[in-house]
Amino acid sequence: MKNSIYNYSRSSFEEYFLKLGSPKFRATQLFEAVYRQRITDFSEMTNFKKEFRLKLEEDFRFEHLEIVKEQVSSDETRKYLFRLEDNTLIETVLMKHNYGFSVCVTTQAGCNMGCLFCASGQTKKKRNLTTSEMVLQVFQIDQILRESGNRLSHVVIMGIGEPFDNYDNVLEFIRIINDDKGLEIGSRHITLSTCGIVPKIYEFSDFPLQVNLAVSLHFANDEKRSKYMKINRKYGLHDLLEALRYYYQKTNRRITFEYILLAGINDSINDAQELVKLIGGMNAYVNLIPYNETGIFKRSDENQRRAFFDYLMKNNINAIMRKEQGHDIDAACGQLRLKEMQCEEESSSNQ
Ligand code: SAH
């Protein structure tokens with residue numbers, strides 16, 4: 001099959017054109033035609049000679065993700081269920097904030113990290129998403145927003161999957177959406193979230209774009225973290241924190257720690273104390289996330305969350321309590337996809 005045109009960053013196009021003996025600026029022209037003019041038919045690329053257009057046509061195709069379902073929540077969070085070309089279903093969430101619109105991008109079909117509290121982990125990884133499948137989640141949703149006079153401002157790489165387990169495709173995706181000749185999502189408006197694949201944190205320290213890094217910490221004690229997040233059995237807290245200090249040294253960028261508050265599991269003052277001990281003095285902040293209940297775990301109640309937050313603040317840890325969005329449409333990771341798969345499984349087992 002021909003390669004999807006959305007797999008190519010501008011520098012990848014440059015390599016392509018170089019091989020054909022064409023000047024570099026052709027890459028910019030093509031990139032602009034795809035992402036600025038949003039052309040989806042080579043015959044409309046009139047600034048390329050006909051023979052050239054035929055060559056492009058021979059090598060590339062315009063891919064499109066089918067929208068199977070769109071759910072709108074009372075707070076205007078929208079959840080899209082996309083069908084990929086091989087029938088894999090993925091979901092993407094669009095959120096409205098006072099500062100603009102953000103999209104939460106899925107990086108893998110399923111996930112192998114197996115965090116016990118996460119719905120995505122209940123379905124094994126089927127495959128990595130290609131760069132184009134990530135680009136199109138952003139591009140198609142931005143197109144929908146544009147049709148109502150808005151535009152996308154932020155991208156969070158926090159949907160289903162572990163971005164550092166699909167490293168090369170995710171980085172190429174970031175280069176494409178960030179390119180100032182294309183979608184122009186500012187690097188500071190892009191956040192990548194990892195559960196803590198330590199070697200990739202070192203590698204990511206050399207990535208030249210100023211993307212935000214968030215780490216799903218959730219537990220400040222190895223025993224607990226290893227119990228609920230199996231990645232911790234491989235890369236424990238000591239190694240993780242060392243990698244993050246290195247990252248900070250190299251990039252000077254403040255790290256975000258995500259911490260879901262799970263009732264009776266990691267929400268006591270003792271847990272908060274351990275957290276202060278672990279990350280005190282780092283240039284970081286903690287994002288306290290209300291748990292979206294998906295199975296056996298319960299979210300901490302408001303008072304407990306408040307007490308945890310106050311303790312952090314009193315101990316000079318910057319923290320914010322993240323507002324929950326899309327609760328009524330199951331916007332938590334993996335929930336819609338899981339339901340849809342269960343429905344499909346049920347309907348196929350009924351046949
Ligand atoms: N694999 C990456 C990115 C995907 S998960 C990572 O682990 O960071 C994005 C965030 O959502 C993670 O912090 C994850 O722990 C959190 N999360 C998973 N299930 C959740 C739930 N039910 N409610 C709230 N947050 C959840």
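The table below gives the values:
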{"read-out": "Some residue of segment 201-221 being under 24 Å from ASN7 (Cβ atoms) and among the β-branched types (Val, Ile, Thr)", "value": "yes"}
{"read-out": "Test: LEU30 is out of contact with any Lys or Arg (no Cβ under 6 Å at 6 or more places or on another chain), at negative phi and modelled with pLDDT under 95", "value": "no"}
{"read-out": "Breaking point among (1) within 16 Å of the ligand (Cβ to nearest atom); (2) charged (D, E, K, R); (3) out of contact with any helix residue (DSSP H, G or I) (no Cβ under 7 Å at 6 or more places or on another chain); (4) closer than 30 Å to SER12 by Cβ, for ASP86", "value": "(1)"}
{"read-out": "So GLU184, is it within 30 Å of ILE39 (Cβ to Cβ) and surrounded by 18 or more Cβ atoms within 10 Å (Cβ to Cβ)", "value": "no"}
{"read-out": "Residue in segment 296-317 that is within 16 Å of the ligand (Cβ to nearest atom), touching a residue at least 24 places away in the same chain (Cβ under 8 Å), open to solvent by less than 60 Å² (accessible area, probe 1.4 Å) and assigned to a loop (DSSP other than H, G, I, E, B) present", "value": "yes"}
{"read-out": "Residue ID - nearest to the chain's Cα centre (by Cα), chosen from residues in segment 45-82 that are among the aliphatic types (A, V, I, L, M) and part of a helix (DSSP H, G or I)", "value": "LEU56"}
{"read-out": "Residue satisfying all of: in segment 152-166; open to solvent by 20 Å² or more (accessible area, probe 1.4 Å) and modelled with pLDDT of 95 or more; farthest from the ligand (Cβ to nearest atom) among these", "value": "SER153"}
{"read-out": "Test set (1) surrounded by fewer than 21 Cβ atoms within 10 Å (Cβ to Cβ); (2) over 26 Å from SER12 (Cα atoms); (3) in contact with a helix residue (DSSP H, G or I) (Cβ under 8 Å, 6 or more places away or on another chain) - HIS64 fails condition number", "value": "(2)"}
{"read-out": "Residue check, ARG78 under 23 Å from ILE289 (Cα atoms), among the basic types (Lys, Arg) and more than 16 Å from the ligand (Cβ to nearest atom)", "value": "yes"}
{"read-out": "Index of the failed condition, GLY295 passing every other in (1) closer than 24 Å to MET158 by Cα; (2) modelled with pLDDT of 95 or more; (3) of a type outside the set (S, T, N, Q)", "value": "(2)"}
{"read-out": "Extreme residue, farthest from the ligand (Cβ to nearest atom), among residues of segment 106-125 that are free of Cβ contacts under 8 Å to residues at least 60 places away in the same chain and either in contact with a helix residue (DSSP H, G or I) (Cβ under 9 Å, 6 or more places away or on another chain) or within 20 Å of ILE174 (Cβ to Cβ) (or both)", "value": "ALA109"}
{"read-out": "Any helices (runs of 4 or more DSSP H) falling wholly within segment 222-272 and containing at least 1 residues that are within 21 Å of LEU312 (Cα to Cα) and open to solvent by less than 10 Å² (accessible area, probe 1.4 Å)", "value": "222-228, 237-251"}
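Matching residues to (1) within 16 Å of the ligand (Cβ to nearest atom); (2) within 23 Å of THR123 (Cα to Cα); (3) out of contact with any Ser or Thr (no Cβ under 7 Å at 6 or more places or on another chain):
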{"position": "ASP168", "(1), (2), (3)": "no, yes, yes"}
{"position": "ARG175", "(1), (2), (3)": "no, no, no"}
{"position": "HIS189", "(1), (2), (3)": "no, no, no"}
{"position": "LEU192", "(1), (2), (3)": "yes, yes, yes"}
{"position": "ILE197", "(1), (2), (3)": "yes, yes, yes"}
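The values are calculated or read from the model by the stated rules, or taken from the named source; none is laboratory data. What you see is a predicted model; the values in this text were computed from it and never measured. Cβ: placed from backbone, ideal geometry, glycine included. Neighbour counts: every protein chain shown. Calculation scope for accessible area: heavy atoms of the full protein, side chains included, ligands and nucleic acids excluded. Shrake-Rupley method; radii C 1.70, N 1.55, O 1.52, S 1.80 Å.
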